[in-house]
Amino acid sequence: MDKFSIQTILGMEPKGQKLIAQGWVRTFRSNRFIALNDGSTINNLQVVVDQDQFDESIIKQINTSSAIAVEGTLVESQGRGQTVELIAENITIYGNADPSVYPLQPKKHSLEFLREKAHLRMRTSTFGAVFRIRHALAFAVHKYFNDRGFFYMHTPIITGSDAEGAGEMFRVTTLPFDNTPRTEEGNVDWKKDFFGKETNLTVSGQLEAEVGAMSLGKVYTFGPTFRAENSNTTRHLSEFWMIEPEVAFIDINGDMDLAEDFLKYIIKYAMDNCADDLAFLDQRITDLEKNMKKEDRREMGLIDTLKFVTENDFQRITYTEAVNILLQSKPYKKKQFEYPVAWGEALQAEHERYLVEKEFRKPVIVVDYPKDIKAFYMKVNEDGKTVAAMDILFPGIGEVVGGSQREDRLDVLLKRMEDMNVPEEELWWYLELRKFGTAPHAGFGLGFERMILFVTGMGNIRDVIPFPRAPRSAEF
C-alpha cells in the first residue's frame, strides 16, 4: 500500500484507492472524525473512524498530537470543508500524547506561552504556516541569485574584525576564566588564545563578500550573524540570518535596482507557493484585530500589504528630500513624532513609516545619507557630506534593506577609517583590495527574519525563527 503526504492526498481525485497517511492528530471529534496533519500543508486530512472496527485500546490513544498511521480508502467527502476523506481500516499508534500532561491542547494559546514550548509549537497551525513560508523564502533567495549568475559564498562565522564598528560582539575564546593569562601591562594576553588574537562571532559577512566580488564578480552570503546587543524588543535577536549580495562593476543605482527586483521576487515566490498559509495568516490578523480600535488596526490586510510591495515601483528619494518632507508634515508640525527630525539625525521607524504609508503610499528607497551616521566602507559622494548609501522602507516595519556603493578609493577609505577609529592593522587585507585591481562595487544586507516578519505578518521576530536567541534566552 502506497504512502503519500497529506498535501498530496488532498490533491487527489477520490477513486476508492487504498493508501497510507501518517501524521499527528489535531483533533478527534465525537470519537469518529480525526483531523490528521503531517506538516506538509496547513490543511488537515479528515479520517473517518468506525469505532466498532477498532479495539477500545486504540481509540483511547487517539489524542491531540498522537502520532499515527492510517491505512484506508480515499473517498469523496460527505461533509463540508474538504473534498476527500480517508475511511480508516487500520490504525497504528506510533506515539501517544497523554492529554493529562500534553501542554498544547486544542485551544488558543498565547504566542508568549508557545515560545516556552518551542519544541512543540511548530505543530500548531500558525507556526506550521510561518516555518513553511520561511523555507519557501530561503529557497527563493538561492533560486534568485543562482538563476542570475551569482555564486554562493560561505563567509566566516568567527572573525577578527568588526564590520559594523558597533563593538557589540560575542567573544570567541578558549582562555580559562579563572586563570586568564595577562601581559606585563595587565591586559589579557590574546596571543595565548586559540587563534592567537582576539576573535568574535561575526556581525556581517559583507567585508569578506567584497573579496569574493573582486574575484568572482557576483557573490552572495546567506548565513548566521550575531549581535550582543542587550535588547528585548520585538525587532531584535542575538542570532539571526543575513543575506548579503556583493557585485563588482555596479554603482549605487545598480544596487537599488538589484535590491528592488530581489525583494519583489522573493515575496512573489511566497505568494505563489504558500497561498494557503498566507490566507490563514491573513485571516488570523483579521480575527485578532476585530475588537481593536480602528486607529490600532493595520491599514491593509496581509496579502494586500504584500501586493503593495510587488505591484508598485519603489519611490526613490534622497535623505535630504526625506528630511524636508518630514519637516513639512502634519505629524512634525503637531509634534506627534517621538524622535527629532533634523538633517544629520538618523531616520527612525516612525519617520520611515510616514514616508511609506502616508506620503508616497508605496515602498521607498532613501539614498545619500550623511556620512557621519553611516559606516566607514560606504563611498563618499562628491559633496563630501554624504555617502552613496541606501535604505529600503516597507509599510508597517520601516527599514528592511540597507546597502551602499563601497568606497573603492584607498586614500578616501584610509581617511574614513582614521576618522572613525577603525584600526588599519585589522583590515590590511581589505585595504589591499583597493591597492590591487580596485573597481566600483556595491551590495546590501537583508535580515532574513525581518523579511519573514513582514511576509507572515507576525508581530514578534522571535516567532519567525525556530529557536530564538535573545538576552537571557537560550533554552533550546
Listed by chain and number, the lysines with an alpha carbon less than 19 angstrom from that of Lys371, same-chain partners under 8 positions apart left out, are Lys379, Lys385, Lys415
Low-density loop trypsin sites (Lys or Arg not before Pro), the range 164-212, at most 15 other Cβ within 10 Å, DSSP non-H/G/I/E/B, are Lys197
Two decimals, Cα atoms only, Kirkwood Rh: what is Rg/Rh over the chain?
1.04
The range 447-476: trypsin sites (Lys or Arg not before Pro) in DSSP loop, at most 15 other beta carbons within 10 Å
Arg472
Note to self: with every protein chain in place and a 1.4 Å probe, the range 109-262 gives an accessible area per residue in Å² of 49
Please work out the C-alpha center-to-center distance from the range 420-453 to the range 297-339 and express it in whole Å.
29
For the range 118-237, what is the convex hull volume of its Cα atoms per residue in Å³?
168
Among rounded, prolate and oblate, which fits the range 92-178 when a ≥ b ≥ c are the square roots of the eigenvalues of its C-alpha gyration tensor, a/c under 1.5 means rounded, and a/b larger than b/c means prolate?
oblate
Across the range 185-270, how large is the tail of the calculated P(r) beyond 18 Å, expressed as a percent of all Cα pairs?
64
Separation between Cα centres of the range 1-63 and the range 64-120, rounded to whole Å
8
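Semi-axes of the range 1-93's equivalent ellipsoid from the Cα gyration tensor, sqrt of 5 times each eigenvalue, largest first, rounded to whole Å? Present the calculation step by step, with values, prior to reporting the outcome.
On the way: eigenvalues 68, 39, 32 Å².
Rounded to whole Å, the semi-axes are 18, 14, 13.
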Rounded to the nearest whole Å³, what is the per residue volume of the convex hull around the Cα atoms of the range 44-123?
120
Divide, for the range 400-476, the radius of gyration over alpha carbons by 2.2 N^0.38 Å, where N is the residue count.
1.62
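Taking loop as defined by DSSP and a crowding limit of 16 other beta carbons within 10 Å, which GluC sites (Glu not before Pro) in the range 64-146 fit? If you can, show how the numbers build up before the last one.
Numbers: sites: Glu71, Glu76, Glu85, Glu89, Glu112, Glu116; in loops: Glu116.
Hits after loop and neighbour filter: Glu116.
Give me the extension gain from Glu338 to Lys358: residue separation times 0.36 nm, minus the current Cα-Cα distance, reported in nm with one decimal.
Values: separation 20, 0.36 × 20 = 7.20 nm, distance 1.69 nm.
Working it through step by step, the gained length comes to 5.5 nm.
Taking only complete DSSP H runs, can you tell me which helices of the chain stretch 18 Å or more along their own long axis by Cα positions and average at least -1.0 on the Kyte-Doolittle scale?
On the way: long enough: 125-147 (33 Å, 0.24); 252-273 (32 Å, -0.18); 275-288 (20 Å, -0.03).
The qualifying helices are 125-147, 252-273, 275-288.
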Go through 15-22, 350-357, 49-56 and give me the packing order, highest mean Cβ count within 10 Å leading.
350-357, 15-22, 49-56
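From the helices alone, meaning DSSP H stretches of at least four residues, give me the mean residue ellipticity at 222 nm for the chain, per-run term -39500 (n - 2.57), in deg cm²/dmol to the nearest 500. It would help to have the intermediate numbers written out before the result.
Values: 14 runs with 135 residues, N = 476.
It comes out at -8000 deg cm²/dmol, rounded to the nearest 500.
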Working only with C-alpha atoms, what are the Rg and Dmax values of the range 388-432, expressed in angstrom?
14.5, 42
Run the quick spin-label model on Thr27 and Asp372: label points 7 Å from Cα toward the beta carbon, then report their separation in nm to one decimal.
6.1
Projected area of the range 336-378, taken from the Cα convex hull and averaged over every viewing direction, in nm²?
3.6
The Cα radius of gyration of the range 189-327, divided by 2.2 N^0.38 Å with N its residue count, comes to 1.44
Using only the Cα atoms of the range 370-411, what semi-axes does the equivalent ellipsoid have when each is the square root of 5 times a gyration tensor eigenvalue? Give whole Å, largest first.
23, 10, 7
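Compute the relative contact order of the chain as a whole-number percentage, counting only Cα pairs closer than 8 Å that sit 6 or more residues apart in sequence. Intermediate values should be presented prior to the final figure.
Details: 840 pairs, mean separation 62.9, N = 476.
Taking the mean separation of contacting Cα pairs over the length of the chain, I get 13 percent.
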Cα extents of the range 348-420 along the principal axes, largest first, in whole Å, come to 42, 19, 17
Approximate spin-label separation Phe177-Lys3, in nm, with each point projected 7 Å along Cα-to-Cβ
4.5
What do the square roots of 5 times the Cα gyration tensor eigenvalues come to for the range 260-400, in whole Å, largest first, as semi-axes of the equivalent ellipsoid?
31, 20, 11
For the range 22-71: span of alpha carbons on each principal axis (Å, largest first)
30, 19, 15
Looking only at the range 1-28, which residues have a backbone nitrogen under 11 Å from a spot 7 Å from the Cα of Phe54 in the C-beta direction?
25, 28
Hydrodynamic calc, the range 195-235: Kirkwood Rh from Cα pairs, then Stokes-Einstein at 20 °C with viscosity 1.002 mPa s, so D in µm² s⁻¹ is 169
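For Gln17 and Phe467, what does the FRET efficiency come to when R0 = 35 Å and r is the distance between their Cβ atoms, rounded to the nearest 0.05?
Efficiency for this residue pair is about 0.35.
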Once the mean of 1/r over all distinct C-alpha pairs in the range 318-444 is inverted, the Kirkwood radius in Å reads 15.8
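If r is the Cβ-Cβ distance from Val75 to Ser110 and R0 is 30 Å, what FRET efficiency results, to the nearest 0.05? Don't skip to the answer; put the middle values down first.
Numbers: r = 39 Å, r/R0 = 1.29.
Here the calculated transfer efficiency is 0.20.
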For the range 116-156, what does the alpha-carbon gyration tensor say about shape, rounded, prolate or oblate, given a ≥ b ≥ c as the root eigenvalues, a/c under 1.5 as rounded, and a/b over b/c as prolate?
oblate
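The values are calculated or read from the model by the stated rules, or taken from the named source; none is laboratory data. Because the structure is a prediction, the values reported are computed rather than measured. Note that each Cβ is placed from the backbone with ideal geometry, even for glycine, and that neighbours are counted across all protein chains shown. What goes into the accessible areas is simple: the full protein's heavy atoms, side chains included, and nothing from ligands, DNA or RNA. Shrake-Rupley method; radii C 1.70, N 1.55, O 1.52, S 1.80 Å.
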